[in-house]
Amino acid sequence: MTKSSETRATLWVILASATLTVMAGAILGPIVPAIQSSLDVSESLAGLIITTHGALIVLVSPIAGTLIDRVGPRRPFIAGLLLYAAGGGAGLIIDSFIPLLISRAVLGVGVAFIYSGITVLIYDLYEGQRMNRALGLRSSANSVGGVVWPLIGGALGTLSWQAPFGVYLIALPLGLLAVVTVPETGRSKDTTRARSGTGIAGVAAILRRRPALLSVYVLYFAANAFLYSIVVFYPQLLAELGITSSLSISLYLSANGVAGGISAAIYDRLVARTSRHVLVAIALLLWVGAFIGATLANSALTAVPTVVVFGLGQGLVFPSAFAWIEALAPTDRQGQFSSYLASSGYTGQFLSPVLFGLVVPLFGIRGVFGAAALIATLGALTLGTALGRRA
């Protein structure tokens, strides 16, 4: 299978599957109170239904990446879709806490295989500008999923707290479609490539030779931490401005996803005119402006630019990070090193409320965005200095 042999149907299956990685937790956000009430558990335990799959993604992604390097991305990707349907859809019939938590762990394993499988499929099926386009569309699909699936979850939640779990079953027909549309890429059959080292020692040796990989992981960690600073703390800022309706808050957060989807959709055209370094520098400057805007917002109208401008930057950073892994990681270890990107991203999401939460007692909610602006400024200065040295 050559990189020119993929079909339009293959791309659609990949992009549809990309929305599922966002849907995994987002679709249940609106029904957490109903889960808490129906299962008679505390708010924190109900929250575990949302976060457990993320912990499994962090732990299992490196295993998924290593397996993908050995057998190719197709079979792990399809297996991930089937696990996703089983683990997510189980909530339709489970009505007790522990079994539901176990099903969420199965869901997390499925997401880990889907996430890394999509990444390596794009690496293997596309090249050059077409790969940049596929990566941009993948990030755009993630953003669209972040807008659409929570709305569907909220709507189904009006029927019953279990109804939204039925949406996870969409992964089953996607898995069947993948069987007939997603090709083997030949990765597992290529025996001519020398393995670039295994185990922790091998990974450490590669990172020493290519330290830029660590910079990409830090960037992706920070991007996800920034994103969840918006998701977690922006509703509290909006409440200070008198915006408390769940629908109104969801519209602000949806604006972030729409903006990110737009910039990611044209990523390939932007990167063709400049470079990934420049696009990421622009994104960091956009984030500085967005977070400063959050600290100054004093009305419903002035709170809009923050989520829009942040989303525009997000749509530039995410595909750039994946493209850098493809360029920097050894070809026979792309699954493994792309899986570390997934782990760093979900770790950033998990730690974001903890790290930024330390600021709230000292400086209030606006202090969270002031701290984020400072961090983004430091990142922009660091990257700007590096670009200046290269010039």
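The values are calculated or read from the model by the stated rules, or taken from the named source; none is laboratory data. Since the model is a prediction, treat every value here as computed from it, not as a measurement. Here the Cβ positions follow ideal geometry from the backbone for every residue, glycine too, while neighbour counts run over all protein chains shown.
When you check Pro183 against the structure, is it modelled with pLDDT of 90 or more, under 22 Å from Ile14 (Cα atoms) and not in a helix (DSSP H, G or I), yes or no? Before you say what the answer is, go through the steps one by one.
On the way: modelled with pLDDT of 90 or more: yes; under 22 Å from Ile14 (Cα atoms): yes; not in a helix (DSSP H, G or I): yes.
Yes: the conditions hold for Pro183.
I'm checking my understanding of the structure. Among residues of the stretch 29-42 that are touching a helix residue (DSSP H, G or I) at 6+ places or on another chain (Cβ under 6 Å) and either modelled with pLDDT under 80 or under 30 Å from Ala134 (Cβ atoms) (or both), which one is surrounded by the most Cβ atoms within 10 Å (Cβ to Cβ)?
Of everything passing the filter in the stretch 29-42, Ile31 is surrounded by the most Cβ atoms within 10 Å (Cβ to Cβ).
Within the stretch 293-306, which residues are touching a residue at least 40 places away in the same chain (Cβ under 8 Å), surrounded by fewer than 19 Cβ atoms within 10 Å (Cβ to Cβ) and hydrophobic (A, V, I, L, M, F, W, C)?
Selection gives Ala300, Val304.
If you take just the helices (runs of 4 or more DSSP H) that sit entirely in the stretch 240-301, which of them hold at least 1 residues that are out of contact with any helix residue (DSSP H, G or I) (no Cβ under 9 Å at 6 or more places or on another chain) and basic (Lys, Arg)?
Values: elements: 246-265, 267-273, 276-296.
Counting at least 1 such residues, we get 267-273.
Can you pull out the residues in the stretch 124-139 that are part of a helix (DSSP H, G or I) and either of a type in the set (Asp, Glu) or closer than 20 Å to Tyr346 by Cβ (or both)?
Initial filter on the stretch 124-139 (part of a helix (DSSP H, G or I)): 124-125, 128-139.
Across the stretch 124-139, the qualifying residues are Asp124, Leu135, Arg138, Ser139.
Please find, among Gly257, Gly313, the residue that is within 21 Å of the chain's Cα centre (by Cα) and either aromatic (Phe, Trp, Tyr) or at pLDDT below 95 (or both). Steps first, answer last, please.
On the way: Gly313 fails: either aromatic (Phe, Trp, Tyr) or at pLDDT below 95 (or both).
Criteria check complete, one pass: Gly257.
Residues Phe350, Phe363, Phe337: which one is surrounded by fewer than 17 Cβ atoms within 10 Å (Cβ to Cβ), part of a helix (DSSP H, G or I) and in contact with a Gly (Cβ under 8 Å, 6 or more places away or on another chain)?
Values: Phe350 fails: surrounded by fewer than 17 Cβ atoms within 10 Å (Cβ to Cβ); Phe337 fails: surrounded by fewer than 17 Cβ atoms within 10 Å (Cβ to Cβ).
Result: Phe363 is the single residue among Phe350, Phe363, Phe337 that is surrounded by fewer than 17 Cβ atoms within 10 Å (Cβ to Cβ), part of a helix (DSSP H, G or I) and in contact with a Gly (Cβ under 8 Å, 6 or more places away or on another chain).
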